[in-house]
Amino acid sequence: MNNLLIWPVALPLLTALLALLWPRRSNWIGVAGTGLPLLAVLLVSWQVAASGPLELALGGWAPGLGIALRADGLSVLMLLMSALVTMAVAVYASVYFAHAERRGEFWVLWLLLITALHALFLSGDLFNLYVTLELLGLTAVVLACLGGSRESLQAALRYLVLGLLGSLTFLIGVALIYAGYGTLDMAALGDAIVAGPTAWVALSLMTGGLLIKSALFPLHFWLPPAHANAPAPVSAVLSALVVKAALYLILRLWLELFDGVVTQAAAVIVGVLGAIAVVWGSWAALQAERLKLMAAYSTVAQLGYLFMFMPLLAALPEGAGRELALGALVLLALTHGFAKSAFFLAAGIIMQRAGHDRIAELGGTARSLPVTAFTIALAGVALIGLPPSGSFLAKWQMLSTLFVTGQWVWLPVIAVGTLLAGAYIFRLLGHAFAPGEGVGPSLSVGREEIPAVLLALIATLLLGFWASAVWELVPISAYAGGGA
Amino acid sequence: MTQVLLYALTGAVLFMLGVRAALLRDTVLPRLLALNVSGAGVFLIFVSLAYRGDSLPTDPVPHALVLTGLVVAVSATALALALNRRLREMDNE
């Protein structure tokens, strides 16, 4: 029993109510409501790192009938990313929405989104995961259409309908699991699930639903318009965190619950789709004329890398080698989370000052907004995977796993993806550093520029130098052992 | 047992019909209706799972899950309808 686990979920939920009741003070409530869960997450992480996985049976009901919250290495890392990114974005949003008419609505939804994310990362029960997934989807959709433009409403509606299809497919998988094994508690299922028709069908349905939500090629088409047309702080969390939630679930299902059910063939299919996503997403990012659209296509590509880890993980036996590869996957996901949120915030600053985000007309940005241009360059280093960023180490580990498992075929994809990423980042930097009239008269460092640059620094420096912490936390699992 | 299987299979067929229609239609309202048919199929599967023979009381867990699922489905449908209405209003302006 550990009551600490309730706070990362309860604090944003309570402050969301406060923000609803007191819209005029919602800026302060929103920032505080994001900061308090960060403290709780830090405490949880410290405890997990010191003494292993934590578990809380809600209301004192034992798992099985009741619902358990669990925190282990993987969930703590995702929680840390989500809490740190939302903190920085909240500070940014308090400036971005300072005088906006709809800031009350924004903050309520924002805090509910944090509640859903944290509940998802802590949940130890399949049905509870479905509920948090829906809660996350619904809040994300409403946040995505806060801009109010026709394009953003259309994109949000498409996002909602596809998300609904995805979660229904996930839910039917949950039903099959309950029919087959009589429980939805993930710790009990980890031991119970054995390879067979029920497990295969359930896993395919649940994975299919989650792949829609994590925008794997060819199910990615809803992502670029939805992410590119949302207000900047919303795009940042959609791209950095919300798609990662579905990915986190796929990891849990594939590596812990259905360990031994997953076949190499299934993993290769997902890996091939990931590889296509890397090449196609990077190519589309290179062609994009708008900064935010480029960032959104880059998200499709970066998610592709994460799925390319699947055939590697499936080929490795459980043990140190697999933990190294899993650590690399998580490190890549974390680096992308921080770098992409920094990138979207910087794009938002440029868009606010210049009134547009057309890449070809960004000349002079580096002179008038030096900190923001620096942020984009730093985030670009992490997106390409140059040293000393976390993604450099992750890709390095990915390459060495390729050699260990003999799966050389993926090598050209990584090379092409990295080169294309270099091309689209340098094309952007070329325009930003070119002479031009600039995007605004201001030379001062804005309060909104600092959180963006901090996020980019975390991606490029902190995760690069402290990457070993990721590899130390990943093996602390609450769901040790599969049904194999 | 065969009766339970009949209900569960009906649920699966409903789910697939709904998914098929949702993927083939390109307007919002039929798509939403189709997704709701799919949802009904999923809930039917859950409800039929709860039956444990005449001698035992029904399993309460799937019932609780269906209730939660219904709430989620209704809210998501309402949100989609509201978004669709806003889009229509924009077209008329």
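Please report, for the Cα atoms of chain A, the Rg to one decimal and the Dmax as a whole number; what are they, in angstrom?
For chain A, the Cα-based Rg and Dmax read 21.1, 66 Å.
Could you list A:Tyr248, A:Tyr92, B:Tyr7 in order of exposure, starting from the residue whose Cβ has the fewest other Cβ atoms within 10 Å?
Numbers: A:Tyr248 24, A:Tyr92 27, B:Tyr7 15.
Ranked by crowding around the Cβ, least crowded first: B:Tyr7, A:Tyr248, A:Tyr92.
Per the Kirkwood treatment, what hydrodynamic radius in Å, one decimal, follows for the range A:1-107 from the mean inverse distance over all distinct Cα pairs?
On the way: mean 1/r = 0.0672 Å⁻¹.
Answer for the range A:1-107: a Kirkwood hydrodynamic radius of 14.9 Å.
Let me make sure I get this right: for the range A:32-174, a, b and c are the square roots of the gyration tensor eigenvalues over alpha carbons, sorted descending. Under 1.5 in a/c it's rounded, otherwise prolate if a/b > b/c, else oblate. Which is it? Write out the running numbers ahead of the final one.
Details: a/c = 2.59, a/b = 1.31, b/c = 1.99.
The shape class here is oblate.
Go through B:Ala21, B:Val42, B:Thr77 and say which Cα lies farthest out towards the positive end of the charge dipole of chain B; charges sit on Cβ, +1 for Lys and Arg, -1 for Asp and Glu.
Final value for the positive-end residue is B:Ala21.
Give the relative contact order (percent, whole number) for chain A; include only Cα pairs under 8 Å separated by 6+ residues.
17 percent
Return a whole-number percent for the relative contact order of the range A:326-484, with Cα pairs under 8 Å and 6 or more residues apart as the contact set. If you can, show how the numbers build up before the last one.
Working: 217 pairs, mean separation 67.6, N = 159.
Relative contact order here is 43 percent.
According to a simple spin-label model (label point 7 Å from Cα along Cα-to-Cβ), what is the distance in nm between A:Glu151 and A:Gln352?
In this crude label model, A:Gln352 to A:Glu151 measures out at 2.0 nm.
At a threshold of 8 angstrom on Cα-Cα distance, excluding pairs fewer than six apart, so keeping six or more, what relative contact order does chain B reach in percent?
Numbers: 85 pairs, mean separation 24.3, N = 93.
Contact order relative to length: 26 percent.
Can you put A:Phe343, A:Phe106 in order, fewest other beta carbons within 10 Å first? Walk me through the intermediate numbers first.
Details: A:Phe343 34, A:Phe106 23.
Least crowded to most crowded, the residues run A:Phe106, A:Phe343.
Please give the calculated 222 nm ellipticity per residue for chain A, where each DSSP H segment of at least 4 residues contributes -39500 (n - 2.57) and the sum is spread over every residue; nearest 500 deg cm²/dmol?
Working: 20 runs with 340 residues, N = 484.
Using -39500 (n - 2.57) per qualifying helix, the result is -23500 deg cm²/dmol.
Just going by the charge dipole of chain A, with Lys and Arg at +1 and Asp and Glu at -1 on Cβ, which of A:Gln302, A:Gly190, A:Ala452 is farthest out on the positive end?
Positive-end residue among those listed: A:Ala452.
Work out from phi, with θ = phi - 60° and the Karplus expression 6.51 cos²θ - 1.76 cosθ + 1.60, the ³J(HN,Hα) of each residue of the range A:66-71, listed in order in whole Hz, and give x for Gly and Pro.
x, 10, 9, 9, 9, 10
Among A:451-460, A:321-330, how do they line up by average Cβ neighbours within 10 Å per residue, starting with the highest?
Working: A:451-460: 25.9, A:321-330: 22.2.
The packing order, highest mean first, is A:451-460, A:321-330.
Can you pull the Rg over Rh of chain B, Cα-only, Kirkwood?
Details: Rg = 16.7 Å, Rh = 14.7 Å.
Across chain B, the Cα-based Rg/Rh ratio is 1.13.
What is the pair-distance distribution P(r) of the range A:73-114, computed from all Cα-Cα distances in 5 Å bins starting at 0, with each bin given as a whole percent?
Calculated over all Cα pairs of the range A:73-114, the distribution is 6, 22, 25, 22, 12, 8, 5, 2, 0 percent.
On a straight-distance basis, which lysines could pair with A:Lys292 in a cross-link, Cα separation under 23 angstrom, same-chain partners fewer than 8 positions away excluded?
Within the straight-line cut-off, A:Lys292 pairs with A:Lys213, A:Lys244, A:Lys340.
Quick check: residue separation of A:Leu17 and A:Ala62 times 0.36 nm, minus the Cα distance between them. What number comes out in nm?
Full-extension gain reported as 13.3 nm.
Where the only charges are on Cβ atoms (+1 Lys, Arg; -1 Asp, Glu), what is the dipole of the range A:175-296 about its Cα centre, to the nearest 20 debye?
Details: 5 positive and 5 negative charges, 88 e Å.
Taking the Cα centre of the range A:175-296 as origin, the dipole is about 420 debye.
Quickly rank A:235-243, A:165-173 as a protection proxy: mean count of other C-beta atoms within 10 Å, highest first.
Numbers: A:235-243: 27.9, A:165-173: 25.9.
Averaged packing, sorted descending, gives the order A:235-243, A:165-173.
Charges at C-beta only: +1 for Lys and Arg, -1 for Asp and Glu. How large is the resulting dipole of chain A about its Cα centre, in Debye rounded to 20? Each step should come with its number before you reach the end.
On the way: 20 positive and 20 negative charges, 206 e Å.
Dipole size: approximately 1000 debye.
Sticking with the crude label model, points 7 Å out along Cα→Cβ, report the distance from A:Glu437 to A:Ala10 in nm, one decimal please.
Inter-label distance under the simple model: 5.7 nm.
Mind checking the mean number of beta-carbon atoms from other chains within 10 Å of the Cβ atoms in B:61-69? Could you put the intermediate results ahead of the total?
Details: counts 7, 4, 0, 2, 9, 1, 0, 5, 9.
Counting Cβ atoms of other protein chains within 10 Å of each residue's Cβ and averaging gives 4.
How much FRET efficiency would the formula 1/(1 + (r/R0)^6) give for A:Glu361 and A:Val416, where r is the Cβ-Cβ distance and R0 is 30 Å, rounded to 0.05? Could the numbers behind the result be given before it?
Details: r = 29 Å, r/R0 = 0.96.
Calculated transfer efficiency: 0.55.
For B:Tyr7 paired with A:Ile269, estimate the spin-label separation in nm (one decimal), with each label point 7 Å from Cα along the Cα-to-Cβ line.
3.1 nm
Considering just Cα atoms, how many Å³ per residue does the convex hull of the range A:135-234 enclose?
Details: hull volume 10.1 nm³, N = 100.
In the range A:135-234, the Cα hull volume divided by residue count equals 101 Å³.
For peptide A:117-128, compute the average count of partner chain beta-carbon atoms within 10 Å of each residue's beta-carbon.
On the way: counts 0, 0, 0, 0, 0, 0, 0, 0, 0, 1, 7, 1.
Mean partner shielding for this stretch: 1.
Mind giving me the FRET efficiency for B:Leu70 and A:Trp466? R0 is 60 Å, r the Cβ-Cβ distance, nearest 0.05 is fine. Write down the numbers at each step before the final one.
Details: r = 46 Å, r/R0 = 0.76.
My answer for the efficiency is 0.85.
In the range A:239-304, what is the volume of the convex hull around the alpha carbon atoms, normalised per residue and reported in Å³?
Taking only Cα atoms, the range A:239-304 has a hull volume of 59 Å³ per residue.
Readers should treat all values here as calculations from the given coordinates under stated rules, not as data from a laboratory. From a predicted model like this one, the values you see are computed outputs, not experimental measurements. Neighbour counts are summed over all protein chains in view; Cβ atoms, including those assigned to glycine, are modelled from backbone coordinates with ideal geometry.
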